[in-house]
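Enquirer: Here you go, one structure.
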Amino acid sequence: MLPHAASMRSEPIHVSLVAIPEAVMSTLSGIFDVMNAFAMIPASGTARFHAPPFRVEIVGLRPGSLELASRVPVMVQRSVAALDATDIIIVPSILLGPGGWKKGCHPELVNWLRAMHRRGAILCSACSGIFLLAETGLFDGMDATVHYGYASAFAAAFPAVPIHPERVLVISGKHEDLVTSGASMTWHDLVLYLIGRYAGATEAQAVARFFALQWHQDGLAPYIVFEGRNDHGDLAVQAAQEWIAGNFPVANPLEEMIRRTGLSERTFKRRFTSATGLSPLAYVQRLRIEDAKRRLERTEASVDEISWQIGYEESAFFRRLFKRVTGLAPGAYRRRFKIPDYAQPGLSTRPR
């Protein structure tokens, strides 16, 4: 297994960046450039490195031009068959089609991934790259993360892998040899983690400064848009969901939902929770918080006003609930997601 410092090795750490037709160009090229920062931008490292700590190659089934999901070709530098060993393997984001991930499309790559892991390679995925890695079976029973938009599809395809889409980076395995990053741009966290782990914290900070990368230290909960499950087939619960979607600010919404279904309170709560995965109260809270998020992003209304608009008379309770659900206080959420003045049409675009 790799040491936790590049300076302990006489040879650079070999990084294999896997290219498959489903891969997304932006993630693959971004990872390649940042991991190559020491070779491309000498000032990004420190003087103690006489040579770049990483040697990054784009690998695939065969060398040459390969068109990715973005319809942009990338040059595969080496075939996996020509690699007897590698230190770090990264599968970048992939784009799932309407039919989802089709297992068994890349048997040679899956076998190669298993073989390289047996020889000590660390397996890493960015975003949805975990779909390919999960086919190895090495992640069964191991915590992992994936883009929250693909979480349901992943859980259905690989039920043996515990998935945590709200987490930015998950490091699993007996030797911390299974590393997954979450939605989209959390590949920043992945590469900074790898640089910090094998080149040092100073180098990771220098690369982050040069590329203006940020750690997603608040997690991914603020980014996740709540969409209540409605494919359960319980018509009474579905009717209640349809009504509450447009009426969640009303007083005592739970009582009104129960009244409209004609079910007893106990039966309604049991069926609702079974169908949606949330209690009726938690479901209403999630709808209200989701509406509050849009108001914080798009309006100038105060937090107290928004609290009242979505159905909470006590703004202190709303603030606590909002932070519990999103991980951020309402004011911090607004600062994170509201379009800044310099990017607003018609407003000043002077740098700040």
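Enquirer: What Kirkwood hydrodynamic radius, in Å, does the range 92-187 give when the mean of 1/r is taken over all pairs of distinct Cα atoms and then inverted?
Expert: On the way: mean 1/r = 0.0763 Å⁻¹.
Final number for the Kirkwood radius of the range 92-187 is 13.1 Å.
Enquirer: Hull surface divided by four, with the convex hull built on the Cα atoms of the range 298-350: how many nm²? All intermediate terms of the calculation are to be shown ahead of the outcome.
Expert: Values: hull surface 16.5 nm².
With the hull built on Cα positions only, its mean projection is 4.1 nm².
Enquirer: Just tell me which lysines come within less than 30 Å, Cα to Cα, of Lys103; anything on the same chain fewer than 8 places away is out.
Expert: Lys174
Enquirer: Still on this structure: Determine the share of the chain's accessible area contributed by carbon and sulfur atoms, expressed in whole percent, with a 1.4 angstrom probe. Can you show the working numbers first?
Expert: Values: 9170 of 17590 Å².
Carbon and sulfur atoms account for 52 percent of the accessible area of the chain.
Enquirer: Straight-line reach from Lys338: which aspartates and glutamates fall under 15 Å, measuring Cα to Cα and dropping same-chain residues less than 8 apart?
Expert: The reachable aspartates and glutamates, counting only those whose Cα sits under 15 Å from Lys338, are Glu290, Asp291, Glu297, Glu300.
Enquirer: Here's something else I'd like to know. Hey, what number do you get for the chain at 222 nm if only DSSP H runs of n ≥ 4 count, each worth -39500 (n - 2.57), divided across all residues, to the nearest 500?
Expert: It lands at -12000 deg cm²/dmol.
Enquirer: What is the magnitude of the charge dipole of the chain about its Cα centre, with +1 placed on the Cβ of each Lys and Arg, -1 on the Cβ of each Asp and Glu, and no other charges, expressed in debye to the nearest 20? It would help to have the intermediate numbers written out before the result.
Expert: Numbers: 38 positive and 33 negative charges, 67 e Å.
Computed about the Cα centre, the dipole is about 320 debye.
Enquirer: Right, next: Quick one: Kirkwood hydrodynamic radius for the range 77-120, alpha-carbon pairs, angstrom, one decimal? Mind showing how you got there, number by number?
Expert: Values: mean 1/r = 0.0822 Å⁻¹.
One decimal place: 12.2 Å for the Kirkwood radius.
Enquirer: If you roll a 1.4 Å probe over the heavy atoms of the protein chains, what accessible area per residue do you get for the chain, in Å²?
Expert: Values: 17590 Å² over 352 residues.
It amounts to 50 Å² per residue over the chain.
Enquirer: Under the √(5λ) rule applied to the eigenvalues of the Cα gyration tensor, what semi-axes describe the equivalent ellipsoid of the range 270-316? Give them in Å, descending. Present the calculation step by step, with values, prior to reporting the outcome.
Expert: On the way: eigenvalues 131, 26, 6 Å².
Rounded to whole Å, the semi-axes are 26, 11, 5.
Enquirer: Sticking with this structure for a sec: Angle between the Cα long axis of helix 235-247 and the longest principal axis of the chain, 0 to 90 degrees, nearest 10?
Expert: 90
Enquirer: Build a GNM of the chain with springs between Cα atoms under 10 Å: which of Ile163, Ile94, Ile306 gets the top mean-square fluctuation?
Expert: It is Ile306.
Enquirer: Shifting gears a bit: Where both residues lie in the chain, what percent of DSSP beta bridges are antiparallel, nearest 5? Walk me through the numbers on the way to the answer.
Expert: Values: 10 of 30 bridges.
Antiparallel: roughly 35 percent of the beta bridges in the chain.
Enquirer: Something else: Apply the Kirkwood formula to the chain: the hydrodynamic radius equals the inverse of the mean of 1/r over all pairs of different alpha-carbon atoms; give it in Å with one decimal.
Expert: Details: mean 1/r = 0.0439 Å⁻¹.
Hydrodynamic radius (Kirkwood, Cα pairs) of the chain is 22.8 Å.
Enquirer: Checking the cross-link filter: which aspartates and glutamates have an alpha carbon closer than 18 Å to that of Lys293, excluding same-chain neighbours under 8 positions apart?
Expert: Partners within reach: Glu166, Asp218, Glu227, Asp304, Glu305, Glu313, Glu314.
The values are calculated or read from the model by the stated rules, or taken from the named source; none is laboratory data. Predicted model only: the values in this text are computed from it and were never measured. Neighbour counts are summed over all protein chains in view; Cβ atoms, including those assigned to glycine, are modelled from backbone coordinates with ideal geometry. For accessibility, only protein heavy atoms count, side chains too; no ligands or nucleic acids. Shrake-Rupley method; radii C 1.70, N 1.55, O 1.52, S 1.80 Å.
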